[in-house]
Amino acid sequence: METLYHSTRSAQQAVPSKTAILTGIAPDGGLYVSDQIGAVKLDLATVCSNDYHANARLVLGTLLPDYTADEIRTCVQGAYGSQWDTNAITPTTPLGNDWLLELYHGPTSAFKDVALQMLPRLMSVARHTAGEGHNVMILTATSGDTGKAALDGFSDVEGTGVTVFYPDGKVSDIQRLQMVTQRGSNVAVCGIRGNFDDAQTEVKRIFADKDVAARLLTKNTVLSSANSINVGRLVPQVTYYCDAYAQLVRAGAISVGDAVDFCVPTGNFGDVLAGYYAKLIGLPVGKLIVASNANNVLTDFITTGTYDRRRPFHKTISPSMDILVSSNLERLLYYLADGDCELVASYMANLAEQGSYTVSETILSKLNKTFACGFADDDATRSTIQSTWEDLGILIDTHTAVAKAVLDARPQEEGRQRICLSTASPYKFSADVLEALGANTDGLDGFACMDELERITGTHAPVQLSGLRSAVERHTSVCDRDQMTTFVEDACARVFA
Ligand SMILES: *Cc1c(COP(=O)(O)O)cnc(C)c1O
């Protein structure tokens, strides 16, 4: 059976997953979804005996069936190879009475690697299938983590290039170095004078600029996005839910068929939605616990059924979760509304026009069957980092700590195992983690914080972070917002010369 994807806002114009992956967002602004997800269920016994690679092939084959088995095999091998520091790729380790799903063992030390090592490969294959010789330039504005993960994923992938804009002076020392030291003949990085929103707004404008598109097309180039709304980013994340389940079975913690809860530090709702997809295709997922920081718009939504983005924006120590509009939630609404595109479109119109919407009682009660929620402010996050270190000897980053705090606040159901997703290495956020442990960070730069964190905990920074100390800075451009278009077109000309 063919699995077709169409917009959350209209079921017309269904396309194969390869097209959905190349396009990113549906033409009407909706997100690509498929009605056939769940028609084929995973065989749990197989999942539980599979290693990570085999589970990745199984999940991708199930959700992206227009890719051939050979194509998927090659993509999986390339995406989950020696750039990871463990063969397990995403190991699940004990965390007191719960479990920690470690998603940060990839090349940029954040969970986005799981998807962004895979997406370029899926795009590359899709380009070949389409038979179009178009070069694809990925264009991204980043507040820190996504930019580096995209650079690393797309670096030297044939037929693609990647251009990243970051707000100059507004990312951490380490985050900037991660980006400006990026190797590869198809990458471009530029700081912009302004904040993240300026960069983001201008990137969106460039995407919509028909003149830019026309000029690039004469040079056989199209722009695309590596944003987390891309199906090709969502699907690879389903794998680690299945694989974590398999690891618990093999550890003797559960029997095949037992339900497991997952607690997920959430921003754009991509990660936790992948858990819902895992459930749809047959994984025994109990509760999906949506953990937020002080930007707790999702906590309110899951509690009341009203999504209201008209609220103050808080800058927190878990910056990758500082989001007021969680884009991927639109996909969940589609499934909870039983595929009622008109209803989803009306909610999204309300969100755009009034800044809020309220879902029906039916949708809210379905939502609450699977989803639970909670939030932790910066103080709770810090004290959780400290207690997790002191009580369990486990060092966690600020985002993971939000989830752990939320999990700790919930009573554990008898006999139910719970998995806390860990989305970044603590060394990516050395200064905040160090402060949480009670150390004084005054006057310390990123590397000094890293050294001090190693010293007081006896743990080690990932080499790809500590090695930045001696890496060459290759990308020194900084520009104004009105120069970004030129930078992009120059990058296309250079990369696809
Ligand atoms: C992106 C990110 C998140 C949030 O993930 P979503 O898929 O956007 O919900 C959480 N933690 C870290 C470290 C991240 O980089």
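Show the residue pairs meeting these rules: Cβ distance below 6 Å; 6+ apart or different chains; first residue within segment 262-289 and at positive phi; second residue open to solvent by 10 Å² or more (accessible area, probe 1.4 Å) and more than 12 Å from the ligand (Cβ to nearest atom).
Here the result reads 282/41; 282/42, each pair linking segment 262-289 to a residue that is open to solvent by 10 Å² or more (accessible area, probe 1.4 Å) and more than 12 Å from the ligand (Cβ to nearest atom).
If you go through segment 318-332 one residue at a time, do you hit one that is modelled with pLDDT under 95 and more than 13 Å from the ligand (Cβ to nearest atom)?
Scanning segment 318-332, I find no residue that is modelled with pLDDT under 95 and more than 13 Å from the ligand (Cβ to nearest atom), so the answer is no.
Please verify whether residue 312 is within 16 Å of the ligand (Cβ to nearest atom) and either closer than 21 Å to residue 265 by Cβ or open to solvent by less than 60 Å² (accessible area, probe 1.4 Å) (or both), treating the condition exactly as stated. Before the answer, list the steps.
Numbers: within 16 Å of the ligand (Cβ to nearest atom): no; either closer than 21 Å to residue 265 by Cβ or open to solvent by less than 60 Å² (accessible area, probe 1.4 Å) (or both): yes.
Against the criterion (within 16 Å of the ligand (Cβ to nearest atom) and either closer than 21 Å to residue 265 by Cβ or open to solvent by less than 60 Å² (accessible area, probe 1.4 Å) (or both)), residue 312 does not qualify.
Residue by residue through segment 206-254, note down the ones that are among the polar types (S, T, N, Q) and either touching a helix residue (DSSP H, G or I) at 6+ places or on another chain (Cβ under 8 Å) or not assigned by TED's automatic domain parsing to the domain that holds residue 99 (or both). Before you say what the answer is, go through the steps one by one.
If we filter segment 206-254 for residues that are among the polar types (S, T, N, Q), which is where we start, we get 218, 220-221, 224-225, 227-228, 230, 237, 239, 247.
Once the filter is applied, which keeps residues that are among the polar types (S, T, N, Q) and either touching a helix residue (DSSP H, G or I) at 6+ places or on another chain (Cβ under 8 Å) or not assigned by TED's automatic domain parsing to the domain that holds residue 99 (or both), segment 206-254 yields 218, 220, 221, 224, 225, 227, 228, 230, 237, 239.
Give segment 354-371 a look and list any residue that's within 21 Å of the chain's Cα centre (by Cα) and open to solvent by less than 10 Å² (accessible area, probe 1.4 Å), or say none. It would help to see each step written out before you state the result.
Restricting attention to segment 354-371, the residues satisfying the condition of being within 21 Å of the chain's Cα centre (by Cα) are 370-371.
Once the filter is applied, which keeps residues that are within 21 Å of the chain's Cα centre (by Cα) and open to solvent by less than 10 Å² (accessible area, probe 1.4 Å), segment 354-371 yields only 371.
Hey, any hits in segment 292-310 for a residue that's in contact with a Cys (Cβ under 9 Å, 6 or more places away or on another chain) and part of a loop (DSSP other than H, G, I, E, B)? I'd like the intermediate steps shown before the answer.
Initially, segment 292-310 is screened for residues in contact with a Cys (Cβ under 9 Å, 6 or more places away or on another chain), giving 292, 296, 298-303.
Adding the requirement that they be part of a loop (DSSP other than H, G, I, E, B) leaves 296.
Within segment 292-310, one or more residues are in contact with a Cys (Cβ under 9 Å, 6 or more places away or on another chain) and part of a loop (DSSP other than H, G, I, E, B).
Mind listing just one residue for me: the one in segment 389-401 that is touching a residue at least 40 places away in the same chain (Cβ under 8 Å) and more than 21 Å from the chain's Cα centre (by Cα) and, of those, farthest from the ligand (Cβ to nearest atom)? Please lay out each step first, then the result.
Initially, segment 389-401 is screened for residues touching a residue at least 40 places away in the same chain (Cβ under 8 Å), giving 389, 391-392, 394-401.
Filter once more, so that each one left must be more than 21 Å from the chain's Cα centre (by Cα): 389, 391-392, 394-395.
Details: 389: 18, 391: 23, 392: 20, 394: 16, 395: 15 Å.
Only one residue tops the list, namely 391.
Of the numbered conditions (1) surrounded by fewer than 16 Cβ atoms within 10 Å (Cβ to Cβ); (2) outside any helix (DSSP H, G or I); (3) touching a residue at least 40 places away in the same chain (Cβ under 8 Å), residue 383 fails exactly one; give the number of that condition.
(2)
What strands (runs of 3 or more DSSP E) completely inside segment 1-45 contain at least 3 residues that are over 17 Å from residue 119 (Cα atoms)? Even if it seems obvious, please write down each step before you answer.
Numbers: elements: 4-7, 10-16, 32-34.
In segment 1-45, 4-7, 10-16 are the strands (runs of 3 or more DSSP E) which contain 3 or more residues that are over 17 Å from residue 119 (Cα atoms).
Can you report the number of residues in segment 63-78 which are surrounded by fewer than 21 Cβ atoms within 10 Å (Cβ to Cβ) and within 17 Å of residue 37 (Cβ to Cβ)?
2
Identify, please: which residue in segment 219-256 is more than 16 Å from the ligand (Cβ to nearest atom) and modelled with pLDDT under 95 and is, among those, nearest to residue 411 (Cα to Cα)?
Looking at residues that are more than 16 Å from the ligand (Cβ to nearest atom) and modelled with pLDDT under 95, I get 224.
Would you mind stating whether residue 406 is over 18 Å from the mean Cα position of the chain (by Cα), of a type in the set (A, V, I, L, M, F, W, C) and within 15 Å of the ligand (Cβ to nearest atom)? Working first, answer last.
Working: over 18 Å from the mean Cα position of the chain (by Cα): yes; of a type in the set (A, V, I, L, M, F, W, C): yes; within 15 Å of the ligand (Cβ to nearest atom): yes.
Taking the combined requirement at face value, the residue satisfies it.
Residues checked against (1) closer than 24 Å to residue 330 by Cα; (2) without any contact (Cβ under 8 Å) to a residue 24 or more places away in the chain; (3) not basic (Lys, Arg):
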| site | (1), (2), (3) |
| --- | --- |
| 165 | no, no, yes |
| 172 | no, no, yes |
| 177 | no, no, yes |
| 181 | no, no, yes |
| 187 | no, no, yes |
| 207 | yes, no, yes |
| 219 | no, no, no |
| 226 | yes, no, yes |
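Using the structure shown, decide if residue 86 is among the polar types (S, T, N, Q), open to solvent by 20 Å² or more (accessible area, probe 1.4 Å), away from the ligand (no atom under 16 Å from the Cβ) and outside any loop (DSSP other than H, G, I, E, B). Walk me through how you get there before you give the answer.
Details: among the polar types (S, T, N, Q): yes; open to solvent by 20 Å² or more (accessible area, probe 1.4 Å): yes; away from the ligand (no atom under 16 Å from the Cβ): yes; outside any loop (DSSP other than H, G, I, E, B): no.
In short, no.
Given the options 334, 357, name the one that is touching a helix residue (DSSP H, G or I) at 6+ places or on another chain (Cβ under 9 Å), of a type in the set (Phe, Trp, Tyr) and part of a helix (DSSP H, G or I). Quick ask: steps written out before the conclusion?
Values: 357 fails: part of a helix (DSSP H, G or I).
Result: 334 is the single residue among 334, 357 that is touching a helix residue (DSSP H, G or I) at 6+ places or on another chain (Cβ under 9 Å), of a type in the set (Phe, Trp, Tyr) and part of a helix (DSSP H, G or I).
Within segment 410-422, is even one residue among the hydrophobic types (A, V, I, L, M, F, W, C), farther than 23 Å from residue 244 by Cα and away from the ligand (no atom under 14 Å from the Cβ)?
Keep residues of segment 410-422 that are among the hydrophobic types (A, V, I, L, M, F, W, C), which gives 419-421.
Cutting the leftovers down to farther than 23 Å from residue 244 by Cα gives us none.
Checked segment 410-422: no residue is among the hydrophobic types (A, V, I, L, M, F, W, C), farther than 23 Å from residue 244 by Cα and away from the ligand (no atom under 14 Å from the Cβ).
For segment 391-497, list the helices (runs of 4 or more DSSP H) that sit wholly inside it and hold at least 1 residues that are in the same structural domain as residue 293 (by TED's automatic domain parsing) and of a type in the set (Lys, Arg); which are they? Spell out the reasoning first.
Details: elements: 398-408, 430-436, 446-457, 463-466, 484-495.
It comes to 398-408.
Looking only at residues that are open to solvent by less than 20 Å² (accessible area, probe 1.4 Å), within 8 Å of the ligand (Cβ to nearest atom) and of a type outside the set (A, V, I, L, M, F, W, C) in segment 257-293, which one is modelled with the lowest pLDDT?
267
Would you say residue 320 is open to solvent by 10 Å² or more (accessible area, probe 1.4 Å), assigned to a helix (DSSP H, G or I), small (Gly, Ala, Ser) and out of contact with any helix residue (DSSP H, G or I) (no Cβ under 9 Å at 6 or more places or on another chain)? So that I can check it myself, show each step before the final result.
Numbers: open to solvent by 10 Å² or more (accessible area, probe 1.4 Å): yes; assigned to a helix (DSSP H, G or I): yes; small (Gly, Ala, Ser): yes; out of contact with any helix residue (DSSP H, G or I) (no Cβ under 9 Å at 6 or more places or on another chain): no.
Judged against the criteria, residue 320 is not a match.
Right, residue 296: within 11 Å of the ligand (Cβ to nearest atom) and surrounded by fewer than 24 Cβ atoms within 10 Å (Cβ to Cβ) or not? Don't jump to the end; show me each part of the working.
Numbers: within 11 Å of the ligand (Cβ to nearest atom): no; surrounded by fewer than 24 Cβ atoms within 10 Å (Cβ to Cβ): yes.
Here the answer is no, as residue 296 does not meet what is asked.
Of all residues being more than 23 Å from the chain's Cα centre (by Cα) and surrounded by fewer than 16 Cβ atoms within 10 Å (Cβ to Cβ) in segment 12-27, which is farthest from residue 61 (Cα to Cα)? Just the residue, please. Before you say what the answer is, go through the steps one by one.
Of the residues in segment 12-27, the ones more than 23 Å from the chain's Cα centre (by Cα) are 12-15.
Narrowing further to those that are surrounded by fewer than 16 Cβ atoms within 10 Å (Cβ to Cβ): 12-13.
Details: 12: 24, 13: 23 Å.
It comes out as 12.
In the set 497, 405, 471, which member is over 28 Å from residue 267 (Cα atoms) and open to solvent by less than 70 Å² (accessible area, probe 1.4 Å)? First the steps, then the outcome.
Working: 497 fails: open to solvent by less than 70 Å² (accessible area, probe 1.4 Å); 405 fails: over 28 Å from residue 267 (Cα atoms).
471 is the lone residue from the list that is over 28 Å from residue 267 (Cα atoms) and open to solvent by less than 70 Å² (accessible area, probe 1.4 Å).
Please enumerate the residues belonging to segment 89-98 that are open to solvent by 30 Å² or more (accessible area, probe 1.4 Å) and out of contact with any Leu (no Cβ under 6 Å at 6 or more places or on another chain). Explain how you work it out, then say what you get.
Here is the first cut: in segment 89-98, the residues open to solvent by 30 Å² or more (accessible area, probe 1.4 Å) are 93-94, 96-97.
94, 97, listed by residue number.
Quick check on this structure: which one of 172, 109 is touching a helix residue (DSSP H, G or I) at 6+ places or on another chain (Cβ under 7 Å), hydroxyl-bearing (Ser, Thr, Tyr) and open to solvent by less than 10 Å² (accessible area, probe 1.4 Å)?
On the way: 172 fails: open to solvent by less than 10 Å² (accessible area, probe 1.4 Å).
Exactly one residue qualifies, and that residue is 109.
The values are calculated or read from the model by the stated rules, or taken from the named source; none is laboratory data. No experiment lies behind these values; they were computed from the predicted model shown. With ideal geometry, Cβ positions are generated from the backbone for all residues, glycine too; neighbour counts draw on all protein chains shown. When the accessible area is computed, the model is the full protein with side chains, heavy atoms only, and any ligands, DNA or RNA have been set aside. Shrake-Rupley method; radii C 1.70, N 1.55, O 1.52, S 1.80 Å.
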